[in-house]
């Protein structure tokens, strides 16, 4: 555990008044959305399962001279070839995520895939992570939080120094018994 990093995070007022366990729970909760890459086998498997893979492949092969249909065909070719010839759709990269989103929208418009498949494919591009993961910390426990808080408390209110004089009874009283 990187206690210095955890200490810096605990300096945020967001954690004021929370118990050690509540702070650990907040840091470990997977609530931060993040775009992720999608294995093309997963995307292709979804379309095979819904029966839409065939429609996509037919659309990719359909000849047309209509400019709008040519753009839709281009989207179908890109989708099909990406799912056949690559291992991953790099949707964690914003530019690629935008392109995939537009491509899927065109396929819905052409009725090659359903709105449900569109939503399911886009859902594959999203995940979530915790604040601890975002900071590069392992799972934070209530004991980790307690350790940091006790350290801070000791720094703010140090115990008496060994250099401070200790009361000694006067010599005429004799040694302590």
Here, helices (runs of 4 or more DSSP H) confined to the range 50-122 with at least 3 residues that are under 25 Å from residue 35 (Cβ atoms) are 67-85, 94-109
By residue number, the members of the range 79-133 that are exposed (fewer than 14 other Cβ atoms within 10 Å of the Cβ), in contact with a strand residue (DSSP E or B) (Cβ under 7 Å, 6 or more places away or on another chain) and under 18 Å from residue 47 (Cβ atoms) are 87
*Within the range 38-46, is there a residue that is assigned to a strand (DSSP E or B) and either touching a residue at least 24 places away in the same chain (Cβ under 8 Å) or over 18 Å from residue 111 (Cβ atoms) (or both)?*
yes
Scanning the range 1-57 residue by residue, those surrounded by fewer than 13 Cβ atoms within 10 Å (Cβ to Cβ), over 21 Å from the mean Cα position of the chain (by Cα) and over 30 Å from residue 90 (Cα atoms) turn out to be 4, 11, 13, 16, 17, 19
Against the condition in the same structural domain as residue 59 (by TED's automatic domain parsing), surrounded by 15 or more Cβ atoms within 10 Å (Cβ to Cβ) and at pLDDT 90 or above, how does residue 76 come out, does it pass?
yes
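The values are calculated or read from the model by the stated rules, or taken from the named source; none is laboratory data. Note that this is a predicted model, so its numbers are computed, not measured. Don't worry about glycine lacking a Cβ; one is built from the backbone with ideal geometry, like all the others, and counts go over all protein chains shown.
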